[in-house]
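Take a look at the structure set out below.
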Amino acid sequence: MRHTCLAALLSQLLVLGTALAGLRSAATDGDQQRAPAASPHFSSPFVARRPLHSFADRLVAAALERLKHFVIYDGSYKKIDYPMGDVSPFRGVCTDVVIRSYRRVGIDLQKEVHLDMRANFEPYPKHWGLKKPDTNIDHRRVPNLRVFFARHGKQLPVTNDPADYRPGGLARISYHRSSRDGARVRPGWLSRPRCAQA
């Protein structure tokens, strides 16, 4: 039930931006470390086995594959390599799902966000008092990813028509833990499947 309805939930969220199909890492010769490409087929409880032709299909498959991993929520600051740096595969936050999914299709958001922040620091949030980009954490922060995707992707208007959204889009999820708690914001993927109404 959890996995079936998760796909339905993700397909009905506010859209932050669509997949960056045109974005490709500008790797230099010394920078050729890449994540493995997504497999040409994906099998899950959500979709029938079929070839994955489009960038969005491969991105959704990579995101759904992340459901198979056991990860402990840990948002603590960690010093990591650059580029292609990551915290332990058994630890992470919501943005690590986004980062790891994009890496499966050959895009290193750590590098892309850092390069954009280095060249255009002003539009990015200043919540953390930083005076310059930090390759260890910037790409793991939801507000930074929101700015990055808005600058380099396509930000869609919010509508009630599911046809306005495509698989591979990234959604901004706002929720409250309790009536005393402020809104929390998390990213989520849009995918094709929907669970049956209960």
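Any read-out appearing in this document is the output of simple, stated calculations on the displayed coordinates, not a laboratory observation. Fair warning: this is a prediction, and the values are worked out from it, not measured in the lab. With ideal geometry, Cβ positions are generated from the backbone for all residues, glycine too; neighbour counts draw on all protein chains shown.
Counting other beta carbons within 10 Å of each Cβ, put Phe148, Phe121, Phe90 in order, fewest first.
Details: Phe148 25, Phe121 13, Phe90 10.
So the residues, fewest neighbours to most, are Phe90, Phe121, Phe148.
Can you list the HN-Hα couplings for the range 153-166, worked out from phi with the Karplus curve (6.51, -1.76, 1.60; θ = phi - 60°), rounded to whole Hz and with x for Gly and Pro?
x, 9, 8, 8, x, 7, 9, 9, 9, x, 5, 6, 10, 10
Where the Cα atoms of the range 67-111 are projected onto their three principal axes, how long is each span, largest first, in whole Å?
25, 24, 13 Å, listed from the longest principal axis down.
Within a 10 angstrom radius of the beta carbon, how do Ser101, Ser54 rank from fewest other beta carbons to most?
Working: Ser101 26, Ser54 13.
Sorted ascending by nearby Cβ count, the order is Ser54, Ser101.
State, in angstrom, two size descriptors of the range 99-150 derived from its alpha carbons: Rg to one decimal place and Dmax to the nearest whole number.
Calculated on Cα positions, Rg and Dmax stand at 10.5, 32 Å.
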